[in-house]
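What follows draws every value from the coordinates through simple rules; no lab data is involved. Owing to the predicted nature of the structure, the values given are computational and were not obtained by experimental measurement. Quick reminder, even Gly has a Cβ in these numbers, built from the backbone with ideal geometry, and neighbours come from all protein chains shown.
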Protein chains: 2
Amino acid sequence: MPTIRQVAECAGVSIATVSRVINNSSAVTDEIREKVLDAVNRCGYVPNVGRRTTSFLALVYAGPFSLGSPYDSALVEGMVQAMDGTDLDLVILNPMRDKRPDETYTQFFLRKGVRGVILRSTVEGRPMCRQIADEKFPAIVLGDHFEHPTLPFVYADSTDPSRQAVEHLLTLGHRRIAFASNEFEDGDHVDRFTAYSKALEDHDIEVDRSLVYHVPARKPSGAQLLRTMMSSTHPPTAVFVTDPPVAVGLINESRNMDMEIPHDLSVVGFDDRDARNYVYPLMTAVCQDARQLGYDAFAGLARSIDAGAGSKTGDCVSTCWLEINNSTGQPPVESLRILPDGTRLMVG
Amino acid sequence: MPTIRQVAECAGVSIATVSRVINNSSAVTDEIREKVLDAVNRCGYVPNVGRRTTSFLALVYAGPFSLGSPYDSALVEGMVQAMDGTDLDLVILNPMRDKRPDETYTQFFLRKGVRGVILRSTVEGRPMCRQIADEKFPAIVLGDHFEHPTLPFVYADSTDPSRQAVEHLLTLGHRRIAFASNEFEDGDHVDRFTAYSKALEDHDIEVDRSLVYHVPARKPSGAQLLRTMMSSTHPPTAVFVTDPPVAVGLINESRNMDMEIPHDLSVVGFDDRDARNYVYPLMTAVCQDARQLGYDAFAGLARSIDAGAGSKTGDCVSTCWLEINNSTGQPPVESLRILPDGTRLMVG
DNA sequence: CTGAAAGCGCTTACAG
DNA sequence: CTGAAAGCGCTTACAG
C-alpha cells in the first residue's frame, strides 16, 4: 500500500503539498496540483487508515442513474459475483450528487476511498469517461464503446450475429425489413446498424430511411412502434429491434392489435438476459449475456489494479449470438412488394 | 464524529483497548470486548481518516446473493434514489465472503467503514438479522418481517388486498381457488396465506390443502405449476399466485397449452413492479412498489443514524393494493362443482 | 490481559 | 504558494 510519502517523493514535493492536493486546498499551483495527481495515479494511492485494507471499486453512472433496467441489474449481479473472487467491495457512486465542481475526478474518488471505477456509459457519458481517462484514474467502460487511446472497454460484439439476423430474415424471403434502434447512439447500436445496412447491401437492397426508427428503450415504445410501422403506407414484413424492452413491448402489443407473429410480422429482437424465453411466441433474438459483462468489468478492473499502475488492460470483447426461435417466419403471402422502379405488387 | 477516545471513555478503558477490540486482537477479555463493542454502537463510532467524512450504508444479503431479480433490482434502484438526499453512499457487502469467523458483525462492518446496514432477508436470513440486532448495530430489514423487539422493518402489508383479491374471485363465482406461494416462508407470504384462508372461511369454504402449492419464485415454476394444476383430477377455476415471476410464467405457459385466460382459468398475480402491464392478458394483481421499499429502507436508516444512537426507528409499513385487469373473469360454465357432501356437479 | 508511550498516516496552523 | 513541525486518530511493541 503506497502512502502519501511515496506520492510526495514521486512528485518531488512535501507530504503537506500532497495532502493539500488530495483535499483540494485552493492554495496550490495548478501545475503542482496536476503533477501530484499524476503521481497519485501512477502510485495507485488510496488514503490508508491504520492497517485497514478495505478498498472499493465504484460503479459510476456517467449520465442519469437507471439501475432498475434488466440490463443494468444484470450488470450489477455480475459485478457482485465477481466481487467474491477479490478483496474489493462494490460501492455505487453518483458524481452528479456530490462531486464538487472544483475538484477533479481523481480527488473525488480518493475522497470516497475508491481505487477504480466501472463507468456505465452512453453517448452522453463519454465526456466524463474521457476526462477520467485523461486523469489516468483506473477505469473501465461498460455499455458503450468508442475510440480511445487508453480506456479499456467491456462489451459484446453484436456485429456478426446482427448481420446473421438480417440474413436470416432475407433467407426467409423478407425484403422490407425495418430497423429499430435506441434514441441514443452508442457504440453497440452503431455496430448493429452497420451490420443491418451491410446485410441489405449484400443483397442489393438499399437502406430505406423510412424503415429506420429510433425509440426510447422502454416497453411502451415497442407498442407504439408497432402501431406506427403497421399504419404506414408500406408496412415492413419484418423488423430487427435492437433493444430488449422494445422488442418485448412490440410482441406483446401485437396481440392487442389482433396480429399474429410471425404470420403477420417477423420480429428479431435483442436480448441481454432471458426475456426471449418469456414472451409468446418465443423470440428470435441476437443475445448477449449482461451478467457476464458486469462480471468481466469488475474482474478486469480488479486485475489491472492488482497488477499495478501503468499496466494496460486490453478491451474485453465477448460475443453475441443469434438464437432462432418462433417470432420469425416467411413473409405473409399477400405481402406488398415494391419493385426497384417503384411499382407496387401484391404477391400471393 | 465520535473518536476512539470517546468510545474509550464511554467504556471505561484505554484507547489501546478500544483499538484492539475493533481490530479483533485475541488479547482481550470477552467481557471487555463486549463492553467496548456496546460503547461503539452507543456512540455510533466509525473509524475516521483525517477530515474525510464519507460514510457508507451497506446492502447486506442475509442468505445467498440474488441481486438480479426484478424485485431486488427495484430495491437497489430505490436505495440509489434515496442516496441523493443524504451524504451516505451505498456499498454492497457479502458477509459470506469475508467476515472472519471470529469477528462480530459490528467488527466486520467497522472494518468496512459502514455505519448502518440494510438487511435483505428471507427466513434463512433471520438468524443473521437477529445477531446483528443483538449487537445493536444500526440495521433495517427488507423483504421479510417477523417479531423482534428492536429491529425495524420496511415492508408493504399485503394482507388486506390479498383478501380483496380472493373475494374478487369469489364474487365472480369461483369456488375452487388455488393458492401458490413461495417455497420459502417469509412474513409477507404468511400474510398472504392468512388472507386467503380468511376470505375462504368467511364464505364457508374450507381450505383444500391439495390446492395450496409452494414453488420457487421463478418463471419456469409458473409454467410447471399450471401443468400440474390443470392435470389434477379437480382442477381449480382460479388461482392466486403470490410471486410475480411465477404469475408471469404461468400466464405465458397458458398459450402453449391452448388455454385462454381468463376463460379457462382466472389468475390473480402479484406484482412488485410493472410486470402486470407486460403480460397478455393484462394481469389482475396485488401490487406493491419495490422501488419505494428500497427508498424507504435507505432513507429510514439514514435518518435514524443522523438522529444518533439509541433513537428507535419504527417499522415503515406501506400498503399494497389490488389492481383488477383482464386475467380474471367468471369461471367456465362447464366448471365442476363439488358439494359439501362430496357430490360432483357439472354446472352449465 | 491491559495501559502508557512511541510511532505511522495524514492534516493543518505557522513561518517564510 | 510551499515546507517544517505540531497535532489528531489510530495502532502496536513494550512493560507490568
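Over the stretch A:122-193, what is the mean sequence separation of C-alpha contacts under 8 Å (at least six apart), divided by residue count, expressed as relative contact order in percent?
On the way: 56 pairs, mean separation 25.0, N = 72.
Taking the mean separation of contacting Cα pairs over the length of the stretch A:122-193, I get 35 percent.
Just list whichever of B:Lys112/B:Lys219; B:Lys136/B:Lys219; A:Lys35/A:Lys112 have alpha carbons separated by over 27 Å in the model shown. Before the final figure, lay out the partial values.
Numbers: B:Lys112/B:Lys219 36 Å; B:Lys136/B:Lys219 38 Å; A:Lys35/A:Lys112 21 Å.
Among B:Lys112/B:Lys219; B:Lys136/B:Lys219; A:Lys35/A:Lys112, the Cα-Cα distance tops 27 Å for B:Lys112/B:Lys219; B:Lys136/B:Lys219.
So how strong a dipole does the protein assembly as shown carry about its Cα centre when Lys and Arg Cβ are +1 and Asp and Glu Cβ are -1, to the nearest 20 debye? Write down the numbers at each step before the final one.
Details: 68 positive and 92 negative charges, 404 e Å.
Computed charge dipole of the protein assembly as shown: roughly 1940 debye.
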Taking the label point as lying 7 angstrom from Cα along the Cα-to-Cβ axis, what are the distances from B:Glu9 to the corresponding position in the remaining copies, in ascending order and in nanometres?
-> 3.9
Taking every other residue with Cβ under 12 Å from the Cβ of B:Leu169 and scoring Lys and Arg +1, Asp and Glu -1, one gets +2
For B:Pro127, place a label point 7 Å out from Cα along the Cα→Cβ vector, do the same in each other copy, and report the separations in nm, one decimal, smallest first.
-> 5.4
Which percentage, to the nearest 5, of the DSSP beta bridges contained in chain A is antiparallel?
-> 15
Out of the DSSP beta bridges found with both residues in the protein assembly as shown, what percent are antiparallel (nearest 5)?
-> 20
Residue order, fewest to most beta carbons within 10 Å, for B:Thr328, B:Thr159 = B:Thr159, B:Thr328
Listing B:Phe146, A:Phe108, B:Phe298 from the residue with the fewest other Cβ atoms within 10 Å to the one with the most, what is the order?
-> B:Phe146, A:Phe108, B:Phe298
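Could you line up A:Thr194, B:Thr233, B:Thr313 from fewest to most neighbouring Cβ atoms inside 10 Å? Could you put the intermediate results ahead of the total?
Values: A:Thr194 13, B:Thr233 7, B:Thr313 19.
Result, fewest neighbours first: B:Thr233, A:Thr194, B:Thr313.
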Once you list every other residue whose beta carbon is under 11 Å from the beta carbon of B:Gly269, what net charge do they have if Lys and Arg are +1 and Asp and Glu are -1?
-> -3
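Suppose R0 equals 51 Å; then what is the FRET efficiency for A:Asn256 and A:Glu9 from their Cβ-Cβ distance, rounded to the nearest 0.05? Write down the numbers at each step before the final one.
Details: r = 69 Å, r/R0 = 1.36.
In this case the efficiency is close to 0.15.
If you average the sequence gap of Cα pairs under 8 Å that are 6 or more apart and divide by the length of the stretch A:192-320, what percent do you get for the contact order? Kindly include the intermediate steps, with their values, before the conclusion.
Details: 142 pairs, mean separation 21.9, N = 129.
This gives 17 percent for the stretch A:192-320.
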Quick shape check on chain B: root eigenvalues a ≥ b ≥ c of the Cα gyration tensor, a/c under 1.5 is rounded, otherwise prolate if a/b tops b/c, else oblate, and it reads prolate
Looking only at A:Ala165, A:Ala11, A:Ala74, which one moves most when chain A is put into a Gaussian network model with springs between Cα atoms under 10 Å?
-> A:Ala11
If the chain between A:Ser26 and A:Thr171 were fully extended at 0.36 nm per residue, the gain over the current Cα-Cα distance would be 45.6 nm
Quick one: label points 7 angstrom along Cα→Cβ at A:Gly85, distances to the other copies in nm, smallest first?
-> 3.9
What is the distance in Å between the Cα centres of the stretch A:80-95 and the stretch B:163-214?
-> 41
Give the chain A residue with the shortest beta-carbon distance to the rotation axis relating chain A to chain B, plus that distance as a whole number of Å.
-> A:Ser73, 2
Env charge @ A:Gln6, Cβ radius under 15 Å, K,R +1 / D,E -1, value +1
By the Cα gyration tensor axes a ≥ b ≥ c (a/c under 1.5 gives rounded; else a/b larger than b/c gives prolate, otherwise oblate), the shape of the protein assembly as shown is oblate
Counting only C-alpha contacts under 8 Å and six or more residues apart, can you give the relative contact order of chain A as a whole percent?
-> 18
